[in-house]
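Read the structure below first, then the notes.
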Amino acid sequence: MPAKIAPFLVIGIGNPSRGDDALGPLLVERIEAMELPGVECLTDFQLQVEHALDLVGREQVVFVDATAAGEARCTLAPVAPARDASATTHALSPAAVLDAYVRVTGLPLPATHVLAIRGYAFELGDGLSAGAAANLEAAGRLLVGALVAPAPVPA
């Protein structure tokens, strides 16, 4: 009998050797340590076309990544499929992974969001900045709330 696929997938993206770029993997490691029922966690340095297959059978997916843009500590926003303009299939955006998912599987999309966490220092060898550490805490509260919140009751 095949293993049951967790309905909720959290994918952390980033390079732990590049300071605040580690925010995605750090948050996902925290979520994984909580052992929340129905939640599977993955981390990777960057998204690739193969990640489209990780979405099969999911109800909800959250991509967690650092961002250098904006003033908010973190934002959780829906993402829709979009073709990536890059010349290769490496370092895809979450939207491009969703596009690949739709084109390859033909299945309906899971509810998908990007949790962007504000970072400040991204140089090789940098540690996590104090500002990013505070933003990581805020993002953790936001994501845990989304993971443990009861599903809406159909009308």
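Screening THR43 against (1) of a type in the set (Val, Ile, Thr); (2) in contact with a helix residue (DSSP H, G or I) (Cβ under 6 Å, 6 or more places away or on another chain); (3) assigned to a loop (DSSP other than H, G, I, E, B) leaves a single unmet condition, (3). Here region 28-39 is the region considered, the condition is being charged (D, E, K, R) and in a helix (DSSP H, G or I), and the residue that is farthest from ILE117 (Cα to Cα) is GLU32. Here ALA121 meets the list (1) within 17 Å of the chain's Cα centre (by Cα); (2) surrounded by 12 or more Cβ atoms within 10 Å (Cβ to Cβ); (3) part of a loop (DSSP other than H, G, I, E, B) almost entirely, failing just condition (1). Residue check, ALA52 against (1) outside any helix (DSSP H, G or I); (2) under 12 Å from VAL97 (Cβ atoms), all met but one. Which one? Only one criterion is unmet by ALA52, namely (1). Scanning region 55-79 for residues that are in contact with an Asp or Glu (Cβ under 9 Å, 6 or more places away or on another chain) and either among the aliphatic types (A, V, I, L, M) or not in a loop (DSSP other than H, G, I, E, B) (or both) returns VAL61, ASP65, ALA66, ALA68.
Touching a Ser or Thr at 6+ places or on another chain (Cβ under 9 Å), part of a loop (DSSP other than H, G, I, E, B) and either surrounded by 13 or more Cβ atoms within 10 Å (Cβ to Cβ) or modelled with pLDDT of 95 or more (or both), is that true of ASP84? Spelling it out, ASP84 is indeed touching a Ser or Thr at 6+ places or on another chain (Cβ under 9 Å), part of a loop (DSSP other than H, G, I, E, B) and either surrounded by 13 or more Cβ atoms within 10 Å (Cβ to Cβ) or modelled with pLDDT of 95 or more (or both). May I ask you to verify whether PRO25 is in a loop (DSSP other than H, G, I, E, B) and not charged (D, E, K, R)? Here the answer is no, as PRO25 does not meet what is asked.
Pairing each residue of region 51-63 that is at positive phi with any residue that is assigned to a loop (DSSP other than H, G, I, E, B) and of a type outside the set (Asp, Glu), provided the two are 6+ apart or on different chains, yields C-beta distances under 6 Å for GLY57/ILE5.
Which of the residues belonging to region 55-75 are closer than 20 Å to TYR101 by Cβ and of a type in the set (A, V, I, L, M)?
Residues satisfying the conditions are LEU55, VAL56, VAL61, VAL62, VAL64.
Of the residues making up region 1-22, those that are part of a loop (DSSP other than H, G, I, E, B) and touching an Asp or Glu at 6+ places or on another chain (Cβ under 8 Å) are ILE5, ALA6, PRO7, GLY14, ASN15, ARG18.
Across region 1-13, what is the total count of residues that are more than 16 Å from ARG58 (Cβ to Cβ) and modelled with pLDDT under 95?
1
The values are calculated or read from the model by the stated rules, or taken from the named source; none is laboratory data. Small disclaimer: the values here were computed from a predicted structure and weren't measured. Every residue, glycine as well, gets a Cβ built from its backbone with ideal geometry; the counts of neighbours run over all protein chains shown.
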